[in-house]
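The structure appears below as structure tokens.
The values are calculated or read from the model by the stated rules, or taken from the named source; none is laboratory data. Note that the structure is a prediction, hence the values are computed from the model and not measured. Note: ideal-geometry Cβ built from the backbone for every residue, glycine included; neighbour counts use all protein chains shown. Note: areas computed on protein heavy atoms with side chains; ligands, DNA, RNA excluded. Shrake-Rupley method; radii C 1.70, N 1.55, O 1.52, S 1.80 Å.
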Amino acid sequence: MERVDKGLAFMLRYENVAWYENGKVRILDRRIYPTESKFVTCNTHEEVAQAITDMVTQSAGPYTAAGMGMALAAYECRNLSYEKQMEYLESAAYKLANARPTTANRMTLIVKGCLNVAKVAMESGQQVDEAIFEHTVKSINNRYSRIGVVAKYLVDMFPQNGNIMTQCFGETIVGMMLKECKKQNKNIKLFCPETRPYLQGARLTASVAYDQGFDVTVITDNMPAFTMQNKNIDLFTSAADSICLDGHIVNKVGTMQIAIVAKHFGVPYFVTGIPDKDYHSISQVKIEERDPNQVLEFRGIKNTMEGVKGYYPSFDITPPHLVSGVVTDKGILSPYDLHRYFESKVENYY
């Protein structure tokens, strides 16, 4: 298998996202990267699920962590009967898939694939944990490859010497987009809002861009309008945690306000990803609300008086009229016509 992560930044290489080996799962701690490059070691699948909940990994990282967590679960129950192993793995699958509510639909597809592999492995006498691990690595490689096609369609829209604004950390699309820019000889500059309170834009997107040799500037979350107006931003792009078939986009909170500003200044906004077939309407999506105390402090230092309240919705909803196009591996679609994606054969992405 030719690995698609070749030439990508440190944190996008498969071993540095999440990796199963010797009965443990190792996950790069993105809460502190790049200040520190440390890994969280999980000894049980419950610890993997908790790491996902606790944002040790985020963006597309949980998809990989869930698969590796399923391999670990298989290792944990390796000495049980077939029936008991399947019961154990189904329980593990539910815990891992529901570690974060907004992306539970995508995570469920990940763990279902692992369960299918486990059944085949047990029936054929294979080592189940190794079979799930190998399946997970192939799945990661497939996702990187498919997003590479998305990246080509996206980068085709970039002008030469363009100024591109991002939001949060789109993981695979960020690395593959920059890889494609080099392939097309497009010398772009990135402007990354920091994305409080975890600073994914500042710590992760900017790190990947710098790692891959690009000019990158971080701005605070209240600067996108001024930056678009004064830095000649050509295009705004983000990934999405959910792309509903009614054209609504769920992504890191702050995306909608940048999309509004982009509309005001005539800057196109292109969302990247695969539409969610099971989300026909935005009403089906549960917006995760995280610990409000995270808004009241920064890296453990409290910024408010005792008694002041916080509010932390993790995602917001961008309506279709603010979206210029949804960039998929089948081309760029109108947000009002996403059903078209499924009119031709769709390979399993997760």
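Listing for the model above:
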| quantity | calculated |
| --- | --- |
| The one condition in (1) touching a residue at least 12 places away in the same chain (Cβ under 8 Å); (2) in a helix (DSSP H, G or I) that residue 123 fails to fulfil | (1) |
| Positions within segment 86-101 being in contact (Cβ under 8 Å) with a residue 24 or more places away in the chain and either closer than 16 Å to residue 136 by Cβ or buried (at least 17 other Cβ atoms within 10 Å of the Cβ) (or both), in sequence order | 89, 92, 95, 96, 97, 99, 100 |
| Candidates 55, 70, filtered to the one that is open to solvent by less than 10 Å² (accessible area, probe 1.4 Å), in contact with a Cys (Cβ under 8 Å, 6 or more places away or on another chain), touching a residue at least 24 places away in the same chain (Cβ under 8 Å) and not assigned by the TED database to the domain that holds residue 195 | 70 |
| Some residue of segment 162-172 being modelled with pLDDT under 95, in a helix (DSSP H, G or I) and polar (S, T, N, Q) | no |
| Residue 81 being among the polar types (S, T, N, Q) and either assigned by the TED database to the domain that holds residue 182 or open to solvent by 60 Å² or more (accessible area, probe 1.4 Å) (or both) | no |
| Filter result for the condition that a residue is open to solvent by less than 10 Å² (accessible area, probe 1.4 Å) and among the hydrophobic types (A, V, I, L, M, F, W, C), over 40, 4, 17 | 17 |
| Test result for residue 72, aliphatic (A, V, I, L, M) and farther than 16 Å from residue 143 by Cα | yes |
| Entirely in segment 185-250, the strands (runs of 3 or more DSSP E) that have 1 or more residues that are closer than 28 Å to residue 6 by Cβ and acidic (Asp, Glu) | 215-219 |
| Test: residue in segment 137-154 that is outside any helix (DSSP H, G or I), open to solvent by 10 Å² or more (accessible area, probe 1.4 Å) and either farther than 17 Å from residue 212 by Cβ or modelled with pLDDT under 95 (or both) | no |
| Selection within segment 250-275 - over 18 Å from residue 151 (Cα atoms), of a type outside the set (A, V, I, L, M, F, W, C) and either touching a helix residue (DSSP H, G or I) at 6+ places or on another chain (Cβ under 6 Å) or not assigned by the TED database to the domain that holds residue 167 (or both) | 263 |
| Those strands (runs of 3 or more DSSP E) lying entirely in segment 258-350 with at least 2 residues open to solvent by 30 Å² or more (accessible area, probe 1.4 Å) and more than 21 Å from residue 200 (Cβ to Cβ) | none |
